[in-house]
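The values are calculated or read from the model by the stated rules, or taken from the named source; none is laboratory data. This structure is a prediction, so every number in the text was calculated from the model and none was measured. As a convention, Cβ positions derive from the backbone with ideal geometry for all residues, glycine included, and neighbour counts pool all protein chains shown.
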Amino acid sequence: MLSSQSIVIFDGVCNVCAASVRFILANDKTESILFAPLQSEVGDRLMRQHGIDSADTDTFLYVSGGKAYIRSDAALEVARNFGFWRVLRILRWFPRAWRDACYASLASNRYRWFGKRDQCYLPTAKERDRFLIEEK
């Protein structure tokens, strides 16, 4: 079932990650993207299934059409779903190593720059059906 879905696995205690989730929720007019905090059983399972250590909270994973995208590729693949934001896909012309270095800089400093939540991001009642949450 999950292999046919588009799923964003995100760090549920990261403020910048939570802001990204809110952005996707606001712009995903087809409501086709689901979410799983990496701190959940679903998030942990998907990370391991795609060869990523779930303790590596600096990695963003997007699974769509059975294919996994990580780091900058994941962000650019998500952007393809949102009208104007598709223009960001031009960044694919830059070498992945450069894109991922920028991504890694943001990921490793995100708590210091944007803060950290005391608990995992909780969806509103309206958003709840878009979240795949099982307690870990």
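List of remarks:
- Scanning the stretch 93-128 for residues that are without any contact (Cβ under 8 Å) to a residue 24 or more places away in the chain and either more than 14 Å from Pro37 (Cα to Cα) or crowded, with 16+ Cβ neighbours inside 10 Å (or both) yields a total of 12.
- Scanning the stretch 54-80 for residues that are under 24 Å from Asp118 (Cβ atoms) and of a type outside the set (Val, Ile, Thr) yields Ser54, Ala55, Asp56, Asp58, Phe60, Leu61.
- When Leu76 is tested against the conditions (1) loosely packed, with under 14 Cβ neighbours inside 10 Å; (2) part of a helix (DSSP H, G or I); (3) without any contact (Cβ under 8 Å) to a residue 60 or more places away in the chain, the lone failure is (1).
- Test result for Arg45, crowded, with 16+ Cβ neighbours inside 10 Å, without any contact (Cβ under 8 Å) to a residue 12 or more places away in the chain and farther than 19 Å from Ala18 by Cβ: yes
- Some residue of the stretch 16-39 being hydroxyl-bearing (Ser, Thr, Tyr), more than 21 Å from Asn81 (Cα to Cα) and surrounded by fewer than 21 Cβ atoms within 10 Å (Cβ to Cβ): no
- Check on Ser54, surrounded by 15 or more Cβ atoms within 10 Å (Cβ to Cβ), out of contact with any Phe, Trp or Tyr (no Cβ under 9 Å at 6 or more places or on another chain) and at pLDDT 90 or above: no
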